[in-house]
């Protein structure tokens with residue numbers, strides 16, 4: 001397995017140096033701005049702090065822990081779900097001409113309780129209200145639609161604005177009481193009068209009772225008429241209009257549960273081909289299925305698996321190979337998978353190995369036993385593409401998150417923390433020291449805080465704006481505005 | 001994940017850093033036994049009011065299988081299928097399996113190799129809590145369906161970490177929901193026989 005190491009060349013560090021160098025001239029006058037990509041001073045992205053949402057209190061309730069983050073298709077809206085079953089939607093404010101240097105900020109647009117805790121009396125089990133995933137539908141009219149799911153139930157929410165209200169009813173008086181039609185002598189046409197903007201969220205569909213096991217993924221199809229929900233053993237296809245039926249398209253439950261050795265961990269539809277989807281497994285494999293082939297897609301069209309490296313074999317090999325997230329590139333040509341230690345990019349046309357492998361935190365390889373003992377080895381990290389599929393991002397521990405530039409092969413480690421939270425402050429690259437001698441700004445592996453994990457991140461569909469969930473806080477970073 | 005704890009040195013970590021750590025056959029076996037203990041502990045701890053994560057469960061089970069293979073155990077004979085695992089019988093069987101797991105933990109602690117200087121900080125003398133009937137009810141009719149959680153571990157032969165077979169059969173745990181001489185007692189006896197490999 002050829003993975004390039006992220007030892008020396010820090011994306012952000014180089015960019016900072018380049019920026020400084022290019023702005024100084026021996027004679028004292030500023031040099032003209034270098035054209036990006038030409039010459040020695042490549043303009044890499046510098047990330048700056050923009051906003052943070054959430055409380056600063058140290059004693060946070062578990063309900064506030066963010067469990068999913070998702071931009072909508074235009075990037076105008078940013079949704080988060082939390083362990084308490086709530087959804088908070090932020091909206092980007094319109095950029096004003098007065099504040100050129102401030103890109104649009106995200107402010108709360110709507111908050112609602114999506115799911116409530118439930119109890120399955122038949123099995124004496126609690127059903128968590130935690131929102132596992134949110135997926136937006138493309139906008140087709142003035143209202144916004146999103147899917148949110150917990151372990152068992154998917155809901156379609158409509159978020160709409162109301163800024164006018166009708167006045168002048170004939171059959172109702174001002175207090176809303178019905179009038180006796182016999183008393184009406186004249187008719188008037190009701191008029192719409194402006195009112196304070198109200199954003200309301202209403203559940204339009206509830207898709208329940210279709211999953212025995214825990215739902216881990218939902219994915220909207222490119223036909224915008226159907227979507228899929230995947231649990232540990234099955235994947236169901238739904239039509240948005242029909243809530244009492246779903247098609248089962250994948251079922252890997254063995255007849256004898258004793259023989260169960262593999263579960264589904266994530267699933268996603270192809271961005272353009274409405275008949276194609278992929279799902280990943282706990283054994284590190286990805287299957288691509290074509291719904292045209294058969295009704296039940298138990299036989300895959302393609303099977304992606306990398307042969308195991310025998311020199312790295314240990315008791316934990318299978319656990320760390322378990323894929324926690326799978327994402328199609330925007331182009332639809334590649335898929336990206338995240339396992340415990342790496343992110344891999346696969347070409348749909350090559351099944352026997354990934355085309356790129358990036359080490360997220362390989363220094364943890366020698367700590368797997370402790371991470372197994374404290375359960376961290378089961379953490380499920382997500383991964384995301386940027387809008388142009390040139391950079392990928394994923395989270396790590398100690399509130400670190402990593403970005404890998406697929407073209408320049410450079411990477412950077414950044415941190416989401418309150419200390420780096422001055423407005424427009426440039427994020428300083430972080431470095432984890434593995435060996436003996438620790439340099440001044442480095443942090444040693446043993447000092448990492450494994451309770452601060454960044455599992456959920458999102459990238460704006462077309463701009464360099466990222467949302468990073470750090471436990472109960474949501475950080476928004478943007479690239480430096482020149 | 002148990003709480004939001006900063007990572008602390010496990011007993012295993014300390015053993016790894018100990019210069020006297022022996023990666024010879026005895027040390028490796030000790031390591032594997034420790035992993036086995038951790039894995040079984042995870043299984044027990046995962047039984048709570050919420051349905052356990054199937055993914056986590058499958059991964060732990062697969063790891064246990066590898067450990068079993070590494071400890072060079074012969075696989076346990078398959079238990080007779082139907083009668084033991086249906087309906088209300090699940091209730092007492094679950095209690096049985098639960099107590100067997102506890103027995104194993106205790107016995108594993110007692111069979112730590114003497115040359116290992118680091119005493120495992122397990123809950124050796126802790127009084128284990130009485131299984132709650134509601135808890136066991138949940139355990140028996142897990143969301144896994146007809147077969148219970150216990151089915152995963154039927155093929156795990158943990159005799160390597162058991163007491164020597166030459167010892168007298170273990171006394172029945174007092175918190176078991178059955179009386180000596182009852183049919184449940186006979187089932188327990190039968191299962192203990194298989195696990196001890198006698």
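The values are calculated or read from the model by the stated rules, or taken from the named source; none is laboratory data. Bear in mind that the values here come from a model prediction, so they are computed numbers and not experimental data. Methodologically, a virtual Cβ is constructed for each residue, glycine included, from the backbone with ideal geometry; neighbour enumeration extends over all protein chains shown.
Just so you know, in region A:241-258 the residues that are in contact with a helix residue (DSSP H, G or I) (Cβ under 9 Å, 6 or more places away or on another chain) and either modelled with pLDDT of 95 or more or not in a loop (DSSP other than H, G, I, E, B) (or both) include one that is farthest from residue A:290 (Cα to Cα), and it is A:258.
If the condition is being within 11 Å of chain B (Cβ to nearest Cβ) and within 16 Å of residue A:335 (Cβ to Cβ), then region A:247-279 contributes A:264, A:265, A:266. Residue A:289 passes every criterion in (1) surrounded by fewer than 22 Cβ atoms within 10 Å (Cβ to Cβ); (2) under 24 Å from the mean Cα position of the chain (by Cα); (3) part of a strand (DSSP E or B) apart from (1). How many residues does region A:250-277 contain that are over 22 Å from residue A:378 (Cβ atoms), crowded, with 19+ Cβ neighbours inside 10 Å and in contact (Cβ under 8 Å) with a residue 40 or more places away in the chain? Within region A:250-277, residues that are over 22 Å from residue A:378 (Cβ atoms), crowded, with 19+ Cβ neighbours inside 10 Å and in contact (Cβ under 8 Å) with a residue 40 or more places away in the chain number 4.
Against the list (1) at positive phi; (2) in contact with a helix residue (DSSP H, G or I) (Cβ under 9 Å, 6 or more places away or on another chain), the condition residue A:224 fails is (2).
In region A:129-146, is there at least one residue being loosely packed, with under 14 Cβ neighbours inside 10 Å and touching a residue at least 40 places away in the same chain (Cβ under 8 Å)? Yes, region A:129-146 contains at least one residue that is loosely packed, with under 14 Cβ neighbours inside 10 Å and touching a residue at least 40 places away in the same chain (Cβ under 8 Å).
Per-residue answers, yes or no, for (1) within 14 Å of chain B (Cβ to nearest Cβ); (2) within 24 Å of the chain's Cα centre (by Cα); (3) at pLDDT 95 or above; (4) not in a loop (DSSP other than H, G, I, E, B):
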position: A:435; (1), (2), (3), (4): no, no, no, no
position: A:438; (1), (2), (3), (4): no, no, no, no
position: A:451; (1), (2), (3), (4): yes, yes, yes, no
position: A:458; (1), (2), (3), (4): no, yes, yes, yes
position: A:461; (1), (2), (3), (4): no, yes, yes, no
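Counting the residues of region A:354-371 that are at pLDDT 95 or above and within 7 Å of chain B (Cβ to nearest Cβ) gives 0. Of all the listed residues (B:84, B:93), the sole one being modelled with pLDDT under 85, closer than 23 Å to residue A:121 by Cα, part of a helix (DSSP H, G or I) and more than 8 Å from chain A (Cβ to nearest Cβ) is B:93. Test residue A:422 against the stated conditions and say whether it is over 25 Å from residue A:132 (Cβ atoms), touching a strand residue (DSSP E or B) at 6+ places or on another chain (Cβ under 9 Å) and at pLDDT below 95. Taking the combined requirement at face value, the residue satisfies it.
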